[in-house]
Amino acid sequence: MSASPHASTWKDATRGHLRTAERGGTPPPPARALPPASRGRRRRSGPGGWRSTLYRWDVKAIPYVFITPFFLTFAAFGLFPLIYTGWLSLNRVELGGTPEWKGLENYTDLATSEFFWNALLNTFTIGVISTVPQLLMALGLAHLLNYKLRGRGFFRVAILAPYATSIAAATLVFAQLFNTDYGMINGVLDWVGIGPIDWKNSKWPAQIAISVIVTWRWTGYNALIYLAAMQAVPQDLYEAASLDGASRWRQFISVTIPSIRPTIFFTIIVSTIGATQLFGEPMLFGGSVGISGGSGHQFQTLSLLMYEKGWITGALGSASAIAWVMLALLLLIGGIQALVSRRNRKKLGD
């Protein structure tokens, strides 16, 4: 009966260890021979094998395959319109006409246009008088809902209902409420002895009315964001403040506000961006003169001016220039947010 290959290998290794021990050296560890099947498997699936290559391609390529639809969609509906609008802003383009290269002439025309500066100022004022009250009321509502109240779940859903309402429905209802002749707002003002206010044809009343619509729609949304941030504040801080004798108001000022400061800054930036793009509320509120922002352009925003230039007067080059100015404003706001966030992270790190 012949010896197996494994037995002969073991014998050879044993003889070598004995010879080394007789010479006074330290014998090396015995070598272990791999079975023939394992050696064949290693040769077939080694670093140069087709299975290993296929595995590497699978690991590296499959993630890009999954995200390819997003990049294709973004390139078709995001990147291409952006680049094409930038090219149009450097041309004089009429609806149905041939582009005529003008360089920066559209931008210089905006710099000397009183309508552009009026729209920019209106965008700023409407943004301020809608964002500040909105965020203050959202903070107050979130603070109330953060306590254990009866029906707290119902109130959380109820404050989000305005956000779920469409812009058209909300604006049309408020347009009736602010109607000069038969609106309920003027009726209440007349009851307390204040004369009727022309909410559409006067500058500040019109901007206040539009700001009320914006505030009504977005206060609940921001309140829920603040509420989520407040619930992440450690309760130990409130317990320590309570032991020190701090009232609920002092806890809100000294504990809650500093703890949710990044969230507050985030909502300020998002609300500012939304105010820069304000379009639906003033257009529907003005009715037949909504595109021009009223009879005297008293509440025309940058978005309304862009729409009027592009689709009413047909000046697509000027409309594209306004769009790029709005993009520059949004990038400026985003840059400020990044700087402030970096500064806050450095303070926390110190």
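The values are calculated or read from the model by the stated rules, or taken from the named source; none is laboratory data. Keep in mind that this is a model prediction, so the values were computed, not measured. Neighbour counts run over all protein chains shown; Cβ positions are idealised from the backbone, glycine included. We work out accessible area using only protein heavy atoms, side chains counted, and drop any ligands, DNA or RNA first. Shrake-Rupley method; radii C 1.70, N 1.55, O 1.52, S 1.80 Å.
Quick note on the stretch 246-302: its Rg to Rh ratio, both from C-alpha atoms and Rh being the Kirkwood radius, is 1.33.
Accessible area per residue was computed with a 1.4 Å probe on protein heavy atoms; Phe66 scores about 150 Å². Each residue was assigned an accessible area with a 1.4 Å probe, and for Trp218 the value is about 80 Å². The alpha-carbon atoms of the stretch 283-345 define a convex hull whose volume equals 95 cubic angstrom per residue. Where in the stretch 167-196 does the label zone of Ser295 land, with the point 7 angstrom along Cα→C-beta and an amide N cut-off under 17 Å? It comes to 179-182, 196, nothing else.
Take the alpha-carbon centre of the stretch 190-226, take the same for the stretch 303-327, and report the distance between them in whole Å. Using only Cα atoms, the two centres lie 27 Å from each other. Taking all protein chains together and rolling a 1.4 Å probe, Lys60 ends up with roughly 140 Å² accessible. Around the amide H of Asn91, modelled in the peptide plane, lie the amide H atoms of Lys102, all under 5 Å away and 5 or more residues distant in sequence or on another chain. Taken per residue, the accessible surface of the chain reaches 64 Å², heavy atoms only and a 1.4 Å probe. Each residue of the stretch 215-226 was assigned a 3J(HN,Hα) from its phi angle through the Karplus curve 6.51 cos²θ - 1.76 cosθ + 1.60 (θ = phi - 60°); the sequence is 4, 4, 6, 10, 5, x, 4, 5, 4, 5, 5, 5 Hz, with glycine and proline shown as x.
Of the residues Met283, Met184, Met230, ranked by 1.4 Å probe accessible area with the largest first, the sequence reads Met184, Met283, Met230. Taking the accessible area of the chain, probe 1.4 Å, and keeping the other protein chains in place, the carbon and sulfur fraction comes to 66%.
Using only Cα atoms, tell me the angle between helix 316-349 and the longest principal axis of the chain; keep it within 0 to 90° and round to the nearest 10. Taking the Cα atoms of the chain, the angle to 316-349 is about 60 degrees.
The calculated FRET efficiency for Phe80 paired with Val132, based on their beta-carbon distance and R0 = 41 Å, is about 0.65.
In this entry, the chain is assigned a mean projected area of 39.8 nm², taken as a quarter of its C-alpha convex hull surface. The angle separating the long axis of helix 261-276 from the principal Cα axis of greatest extent in the chain is about 60 degrees. 3J(HN,Hα) along the stretch 125-131, derived from phi through the Karplus expression 6.51 cos²θ - 1.76 cosθ + 1.60 where θ = phi - 60°, amounts to 5, 5, x, 5, 6, 9, 7 Hz, with x in place of Gly and Pro. Remark: the stretch 282-287, residue by residue, has Karplus-estimated 3J(HN,Hα) of x, 5, 6, 5, x, x Hz, where x stands for each Gly or Pro and the curve is 6.51 cos²θ - 1.76 cosθ + 1.60 at θ = phi - 60°. Computed on the Cα trace of the stretch 217-313, the radius of gyration divided by the Kirkwood hydrodynamic radius gives Rg/Rh = 1.27. Note on Thr98 and Phe265: their simple-model spin labels are 5.3 nm apart, each label 7 Å out from Cα toward Cβ. With a simple spin-label model that places each label point 7 Å from the Cα along the Cα-to-Cβ direction, the separation between Thr165 and Trp117 comes to 3.8 nm. Dimensions of the stretch 69-152 along the principal axes, based on C-alpha atoms and rounded to the nearest Å, stand at 66, 43, 20, largest first.
Other residues lying with their Cβ under 15 Å from the Cβ of Asn122 contribute a combined charge of -1, Lys and Arg counting +1, Asp and Glu -1. Within straight-line reach of Lys200, meaning a Cα separation under 28 Å, sit the following lysines at least 8 residues removed in sequence or on another chain: Lys309. Near the amide H of Thr180, within less than 5 Å, lie the amide hydrogens of Trp199, all on another chain or at least 5 residues away, with H placed in the peptide plane.
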